[in-house]
Amino acid sequence: MKARPKTESIERRLAQLEVPEARFRPDMEHYDRSLQFSGELLKLALAGIAVVGFLLVNFPKDRLARIFDDTLLKALFSASVISFALSAGFALLHRFYASSANFHHLQVIKLLLLKDSSLGGEVDTNLCMREAKFQQCHAFLRITSGLLVFGASLLAGAFIRLMFSGV
């Protein structure tokens, strides 16, 4: 086998490499499902913010003034909006880090297809980065879900307060 010229970079070799679809298709399907799930969480978080806005806009003016005099009710509505906003932010972070994790995952597949033992360090680096990004993505999804539940609970508390406080 002919030795490759030193001027040919790894990036060029990887760019010219044809990867069989069977090697990456299941991974891409999993990646797409993960993005769809975080997209649904994002929609729910934004809908939670919209619900609070809708309620506050559509309350009768006299009742709205009494609501804003109730410190606990203001705190519950405010905290729910903050929780929903943070949930939406973490869902977006998940999508950002998932893209990076997917890049490193595909990079590992390509590096392994080259079957070049001198690239072992590059493979290990990409594997470590991929694993770290996967762990971050998992954490972001958990945080997103937790904040979504917390925001919904705060909003439910605000509804209960509205129903039973005579405000």
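The values are calculated or read from the model by the stated rules, or taken from the named source; none is laboratory data. None of these values were measured; they are calculated from a predicted model. A quick note on method: Cβ atoms are made from the backbone with ideal geometry, for glycine too, and the neighbour counts reach across all protein chains shown. Areas reflect the complete protein model, heavy atoms only, side chains present, ligands, DNA and RNA absent. Shrake-Rupley method; radii C 1.70, N 1.55, O 1.52, S 1.80 Å.
Do you know which of the residues in segment 53-74 that are closer than 29 Å to L148 by Cβ and assigned to a loop (DSSP other than H, G, I, E, B) is modelled with the lowest pLDDT? Per the stated criteria, the residue is F59.
Cβ-Cβ contacts under 7 Å between residues 6 or more apart (or on different chains), taken from a first residue in segment 13-29 that is at pLDDT below 75 to a second residue that is surrounded by 13 or more Cβ atoms within 10 Å (Cβ to Cβ) and among the β-branched types (V, I, T), are listed as V19/I109; R23/I109; F24/I109.
S165 satisfies every condition listed in (1) open to solvent by 50 Å² or more (accessible area, probe 1.4 Å); (2) at pLDDT below 95; (3) among the polar types (S, T, N, Q) except (1).
For segment 29-47, a residue qualifies if it is open to solvent by less than 60 Å² (accessible area, probe 1.4 Å) and farther than 18 Å from F150 by Cα, and the qualifying residues are Y31, S34, L35, G39.
Can you tell me which residues in segment 17-47 are more than 21 Å from the chain's Cα centre (by Cα) and in a helix (DSSP H, G or I)?
E21, A22, R23, F24, R25
In this structure, A50 does not satisfy being surrounded by 16 or more Cβ atoms within 10 Å (Cβ to Cβ), at pLDDT 95 or above, out of contact with any Ser or Thr (no Cβ under 8 Å at 6 or more places or on another chain) and over 18 Å from R142 (Cα atoms).
Checking the stated criteria, L141 turns out not to satisfy the condition of being in contact with a helix residue (DSSP H, G or I) (Cβ under 7 Å, 6 or more places away or on another chain), open to solvent by less than 50 Å² (accessible area, probe 1.4 Å), over 24 Å from D32 (Cα atoms) and in contact (Cβ under 8 Å) with a residue 60 or more places away in the chain. Does S99 meet the test of being part of a helix (DSSP H, G or I), open to solvent by 50 Å² or more (accessible area, probe 1.4 Å) and under 23 Å from D32 (Cβ atoms)? For S99, the condition - part of a helix (DSSP H, G or I), open to solvent by 50 Å² or more (accessible area, probe 1.4 Å) and under 23 Å from D32 (Cβ atoms) - is met.
Give the residue, chosen from A156, A132, A152, that is modelled with pLDDT under 95, of a type in the set (G, A, S) and open to solvent by 40 Å² or more (accessible area, probe 1.4 Å). Talk me through it step by step, then tell me what you get.
On the way: A156 fails: modelled with pLDDT under 95; A152 fails: modelled with pLDDT under 95.
That would be A132, the only listed residue that is modelled with pLDDT under 95, of a type in the set (G, A, S) and open to solvent by 40 Å² or more (accessible area, probe 1.4 Å).
Summed over segment 70-81, the residues that are open to solvent by 70 Å² or more (accessible area, probe 1.4 Å), without any contact (Cβ under 8 Å) to a residue 60 or more places away in the chain and not polar (S, T, N, Q) give a count of 1. Would you call V123 modelled with pLDDT of 95 or more and open to solvent by less than 70 Å² (accessible area, probe 1.4 Å)? Considered against the rule, which asks whether it is modelled with pLDDT of 95 or more and open to solvent by less than 70 Å² (accessible area, probe 1.4 Å), V123 comes out as no.
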